[in-house]
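For reference, the structure is listed below as structure tokens.
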Amino acid sequence: MLPSSNLIALEGSFLIERALSVGLAIEALYCVPAREAWSRSLLGNGLEPIILPETEIAAMAGYPFHRGALAFAARPPTPSPSEILSPQQGRTTIVVLPELGDPENLGSAFRNAAAFGCSAVLLGPAGPDPLCRRVLRVSMGASLSLPWARMGDPGELGEFAEGGYTIAACVLDPEATELRAWRRPERLALVFGNEAFGLSAPWLAACQARLTLPMRQGIDSLNVATAAAVFLYALS
């Protein structure tokens, strides 16, 4: 468990190094004896690593832990949606996940968004914490480096529309435009729905376009993170 709600857990050397690379402050670092030299060279700021056997680190983590290092870092502040409204010119893509419920899907979506050059991720008022342990692991730390914010309601997408973004819902709808037939705008916000029910009516109504992927008969959908990867690759 986390010592404090203001700290995030970083499991393994990759996430610890990623956190340091984006400027997070490490508050405590626990590692096995074999990782002591690495941990001391990494910290280098007076903070002493705590050397423990793997069994004790596993007890702290709460599951059989074989990553050799566990750290806790100060949680960064969460920006508002207006703070991540990209001022840059040219092609920009934002992923919007207002009703996603599964942390593994969220982690995969963050990783995909980072891989295909998205500028930010927008979330709804509820759902998994992008800095929880599972999302951090699945995203390979992408949720540490890719800006994200939470929206309180669909109306907040209006600010992005006013900023020149086309808000496009990615849906299962035979009346929607097939992705391959659509010409993307320069500034684009792609909105993906919940794993079980897709996009609810209020979020769908806030979108200006509806896009879909054609599928073979008998298959009704893709995993939402997989669908996001397909859309992002095709539109990148």
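The values are calculated or read from the model by the stated rules, or taken from the named source; none is laboratory data. The structure presented is a predicted model; accordingly, all values stated were derived computationally and were not measured. Positions of Cβ are backbone-derived with ideal geometry, glycine not excepted, and every protein chain shown enters the neighbour counts.
Of the residues making up the stretch 205-220, those that are over 14 Å from Ala176 (Cα atoms) and either small (Gly, Ala, Ser) or not assigned by TED's automatic domain parsing to the domain that holds Leu157 (or both) are Ala206, Gly218. Residues in the stretch 50-84 that are under 17 Å from Cys132 (Cβ atoms), crowded, with 18+ Cβ neighbours inside 10 Å and not hydrophobic (A, V, I, L, M, F, W, C): Arg67 alone.
Here is a yes/no grid of residues against (1) among the hydrophobic types (A, V, I, L, M, F, W, C); (2) outside any helix (DSSP H, G or I):
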residue	(1), (2)
Leu10	yes, yes
Leu15	yes, no
Arg18	no, no
Arg35	no, no
Tyr63	no, yes
His66	no, yes
Ala73	yes, yes
Pro79	no, yes
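Each residue in the stretch 215-234 was checked for being touching a helix residue (DSSP H, G or I) at 6+ places or on another chain (Cβ under 8 Å) and more than 23 Å from Asp102 (Cα to Cα), and 1 of them qualify.
Condition check for Arg210 on (1) out of contact with any helix residue (DSSP H, G or I) (no Cβ under 6 Å at 6 or more places or on another chain); (2) within 24 Å of Ser82 (Cβ to Cβ); (3) part of a strand (DSSP E or B): one failure, at (2). Among the residues of the stretch 214-236, those identified as in a loop (DSSP other than H, G, I, E, B) and either within 25 Å of Gly164 (Cα to Cα) or more than 23 Å from the chain's Cα centre (by Cα) (or both) are Pro214, Met215, Arg216, Gln217, Gly218, Ile219, Asp220, Ser236.
Checking the condition of a type in the set (A, V, I, L, M), within 21 Å of Asn105 (Cα to Cα) and touching a strand residue (DSSP E or B) at 6+ places or on another chain (Cβ under 8 Å), which residue from Ala209, Ala196, Ala227 passes?
Working: Ala209 fails: within 21 Å of Asn105 (Cα to Cα); Ala196 fails: touching a strand residue (DSSP E or B) at 6+ places or on another chain (Cβ under 8 Å).
Criteria check complete, one pass: Ala227.
This table checks each residue for (1) part of a strand (DSSP E or B); (2) of a type outside the set (Gly, Ala, Ser); (3) on the phi < 0 side of the Ramachandran plot.
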residue: Cys118; (1), (2), (3): no, yes, yes
residue: Ala126; (1), (2), (3): no, no, yes
residue: Glu159; (1), (2), (3): no, yes, yes
residue: Asp173; (1), (2), (3): no, yes, yes
residue: Arg180; (1), (2), (3): no, yes, yes
residue: Pro185; (1), (2), (3): no, yes, yes
residue: Val191; (1), (2), (3): yes, yes, yes
residue: Ala196; (1), (2), (3): no, no, yes
